[in-house]
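The values are calculated or read from the model by the stated rules, or taken from the named source; none is laboratory data. Everything numeric here is computed off the predicted structure, so don't read it as measured data. Using ideal geometry, Cβ is built from the backbone for each residue, glycine included, and neighbour counts are taken over all protein chains shown. Accessible surface areas use protein heavy atoms only, side chains included; no ligands, DNA or RNA. Shrake-Rupley method; radii C 1.70, N 1.55, O 1.52, S 1.80 Å.
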Amino acid sequence: MVKESTAGMEIQLVAHQPSSPSPSTSTSSSSNPNHAPPTPSWWESISKARAHIQSLSALFPSDISLSSLADSDRPAISLLQSPAAFAAVSGALSSPYSGAGDDPLCHWLYDTFQSSDPDLRLVVLSFLPLLAGLYLSRVVQLGSTPSLAGFEAVLLALFASEAKLRNGKPVLISVPDLSQPSLYHTPRVPPASLSQPTVAVLSDPLEHQLAVKSTKRACIVAVALDCYHKKISYMPGWSKLDLCEFASAWAGQNCSCRSEFDRDKESLSCFENPSGAFVDDTEYLEDEMEKLGIGDKGVQNGESMENGKPLRGARIPLPWELLQPLLRILGHCLLAPMNDQDVRNAAGEAVRSLYARAMHDVMPQAILATRSLIQLDKRARAVARETVVRVTSNPSTPSKPRKPEILLASK
């Protein structure tokens, strides 16, 4: 049923805009590895971006106008960084009737990604966390349904683009042999028996997919998230925030395991008793966490809760192939210096939820990866806290170190 619905989406896309290629035709053209779309000129790129913005603005009511974004010098970048545009598209995608084969917004996302303009592709990628989050959550909640062909067509377009770039080759990484000297120690005369680095397969070769089958769903979404991670430095903060919120909902594990690494004295500053002393008692900590809505009772009626509010999305299966790109994205959200504090906080909550989920599912790789991210997050927050304390305790301390005074003693 899913295959027929996705194929129907492709036919409707062709009927919607004859000039845009269908997923099958775009993938067939990628059989030649030397074939690459021509780079548009400066004026052609601006004209194409303005046309796409006008077509997007026509999908919304008259009180939501995005036409002013087309008048800028870089229309596609203005659309990418516009909070109004992101709010309008997010509201339309979050509609319970979105994602169907005849959804005009899914048509727009699909046609825009098929463009050769890299800035327009960034606009489509910025909505991937919301689209993938809604798609995976609805598949779990609604089961097999033909109403998600629009979402699947966009995901397949991203998958086909990445498959074209990889050209049927796996993604490999080199793992050094730990029995040999470190990478920073180079002997003058290398031994003849020095072994070569071990080559590990990070991702298997991608096979062409005509439809989103249940057995390939995690792989297709993972490849789409990998495309997002490659361009994550261009993504706005609200796009990263969407992914962090959906990651917490996908984990669906709000038990006390989430705070296992936050039970030290520094992390318990918000759990003080009336006398002002820190309390290390586990029962008191769990009671206070329950009041904040992050304990075991944070799951009500099958809906994930955090801080008393329902999380976006639903608990989904999380195989390792889907967790890998998800954790790489969360690592960027945690540690990149230019991210906003709300993005870092949301990423910290998501990593802790995924750690609790990995502990309950007994996934060694996920446990090791999430524990590492939690420790890195704690160290970064400790350094930031020490910096704030040092600056506030000595407000008169100059920003630049003073030069040492030189005292001349007479003989």
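For the reader, a short list of remarks on this structure follows.
- Proximal charge balance of Ile316 [Cβ under 13 Å; K/R count +1, D/E count -1]: +4
- When each of Lys164/Lys231; Lys169/Lys213; Lys164/Lys230 is checked by Cα-Cα distance, pairs over 20 Å: Lys169/Lys213
- Residue-wise HN-Hα couplings along region 353-363, as the Karplus relation 6.51 cos²θ - 1.76 cosθ + 1.60 with θ = phi - 60° gives them from phi, are 5, 5, 5, 5, 5, 5, 5, 6, 7, 6, 10 Hz; Gly and Pro carry x.
- Rounded to the nearest 10 Å², the accessible area of Arg217 at probe 1.4 Å: 50 Å²
- Neighbourhood charge, 14 Å Cβ-Cβ cut-off, centred on Gly168 and excluding it, Lys, Arg +1 and Asp, Glu -1: 0
- To the nearest 10, the accessible area of Ser393 is 70 Å² with a 1.4 Å probe.
- Built amide H within the under 5 Å cut-off of Ser203, gap 5+: Val171
- Whether region 65-115 is rounded, prolate or oblate, judged on the alpha carbon gyration tensor where a/c under 1.5 counts as rounded: oblate
- Accessible surface calculations at 1.4 Å, restricted to protein heavy atoms, place region 330-380 at 46 Å² per residue.
- Neighbours of Arg357, meaning other residues whose beta-carbon lies under 11 angstrom from its beta-carbon, give a summed charge of +2 when Lys and Arg score +1 and Asp and Glu score -1.
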